[in-house]
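Student: Here's a structure for you.
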Amino acid sequence: MSYIQNFKQKFPDQVTPEMSEGYHGGNSKINEFTLDSEALRENKDEVAGVLFMAGENEARKNGTYVTKAMLKMNRVVSSLSPPSRADIVYMLSNCPNKDETLKKYDSDPREAYFKATDHIFKGGSAHKCYIILSQEFYKDHPKEFVKNMIHVRYDGIVISKGDKVLSYIVFNPKCIHIVK
């Protein structure tokens, strides 16, 4: 019996077609994912969140302990469409080091804010815009980035190449159901 079938039997009220199987690799055993979890970290090339790989072998490359989970993400960041302007404004306005970071764009705070917003939107897709936000504005504050992404109602990001899912970055710990 597959993990998905087993999960469906144990938690029939939590299973939807949007559920995906993911594997988290790390250096310690994880019994629960939280915003304070060591698994929540800033990714160098991606946004902050809990990284799950689509395959167990890929996850093993990130650590000796592999945690299997069912991921139920209702709202994911798109790699095809642009982000909501309201969401970007919220993320930028609530950045912990906003004033310091905005100084890079202009000495006038109002002009700096507009230039930063334009810079973020040059990413094109929502996925790329949130990478810019995470790396430039939340660089030292991955936990705040994740909290704000949850606030604007995003559960995570699905990273794929063509039709094949490679990995998931999950913001909302409530979307992670560990398979024992």
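Student: Thinking of the range 85-147 as a set of Cα atoms, what percent of all their pairs are more than 15 Å apart? Spell out each step's value before the answer.
Tutor: Numbers: 861 of 1953 pairs.
In whole percent, the share of Cα-Cα pairs in the range 85-147 beyond 15 Å is 44.
Student: Pick from E136, E111, E56 the residue whose mean-square fluctuation is largest in a GNM of the chain, springs joining Cα atoms under 10 Å.
Tutor: Its mean-square fluctuation being the largest, the pick is E111.
Student: Using a 1.4 angstrom probe, figure out how much accessible area the chain has per residue, in square angstrom, rounded to the nearest whole.
Tutor: Heavy-atom SASA per residue in the chain reads 56 Å².
Student: Oh, and also: Can you tell me the Rg and the Dmax, both Å, for the Cα atoms in the range 39-145?
Tutor: In order Rg, Dmax, the Cα atoms of the range 39-145 give 15.9, 50 Å.
Student: Provide, as a two-decimal number, the C-alpha radius of gyration of the chain over 2.2 N^0.38 Å, N being how many residues it has. Write out the running numbers ahead of the final one.
Tutor: Values: Rg = 17.3 Å, N = 180, 2.2 N^0.38 = 15.8 Å.
My calculation over the Cα atoms of the chain gives 1.09.
Student: Another question, then. Using a Förster distance of 25 Å, how high is the FRET efficiency between N57 and L80, based on the Cβ-Cβ distance and rounded to 0.05? The partial results should precede the final answer.
Tutor: Numbers: r = 28 Å, r/R0 = 1.12.
Calculated transfer efficiency: 0.35.
Student: Put a dot 7 Å past each Cα toward the Cβ at D163 and N31; how far apart are the dots in nm?
Tutor: Modelled inter-label distance: 4.2 nm.
Student: Using helices alone, what [θ] at 222 nm do you get for the chain, with -39,500 (n - 2.57) per DSSP H run of 4 or more residues, divided over all residues and rounded to the nearest 500? Don't skip to the answer; put the middle values down first.
Tutor: Numbers: 7 runs with 57 residues, N = 180.
Taking each H run of at least 4 residues, the total per residue is -8500 deg cm²/dmol.
Student: With the dipole of the chain worked out from charges on the C-beta (+1 for Lys and Arg, -1 for Asp and Glu) around the Cα centre, which of S28, S125, Y113 lies farthest toward the positive end?
Tutor: Farthest along the dipole direction, towards plus: S28.
Student: Which residues' amide hydrogens lie under 5 Å from the amide hydrogen of S160, considering only partners 5 or more residues apart or on another chain, with H built in the peptide plane?
Tutor: Amide H neighbours of S160, under 5 Å, 5+ apart: L166.
Student: Looking at the chain as a GNM with Cα springs under 10 Å, which of R60, R75, R85 has the largest mean-square fluctuation?
Tutor: R85
Student: Do you know the relative contact order of the range 27-158, to the nearest whole percent, from alpha carbon pairs under 8 angstrom that are 6+ apart?
Tutor: Details: 154 pairs, mean separation 45.7, N = 132.
Worked out over the range 27-158, it gives 35 percent.
Student: Determine which lysines satisfy two conditions relative to K103: a Cα distance under 26 Å, and not lying fewer than 8 residues away in the same chain.
Tutor: Within reach: K44, K115, K122, K128, K139, K143, K147.
The values are calculated or read from the model by the stated rules, or taken from the named source; none is laboratory data. Every value quoted in this text rests on a predicted model; they were computed, and no experiment measured them. Don't worry about glycine lacking a Cβ; one is built from the backbone with ideal geometry, like all the others, and counts go over all protein chains shown. Just the protein is used for accessible areas: all its heavy atoms, side chains included, with ligands, DNA and RNA removed. Shrake-Rupley method; radii C 1.70, N 1.55, O 1.52, S 1.80 Å.
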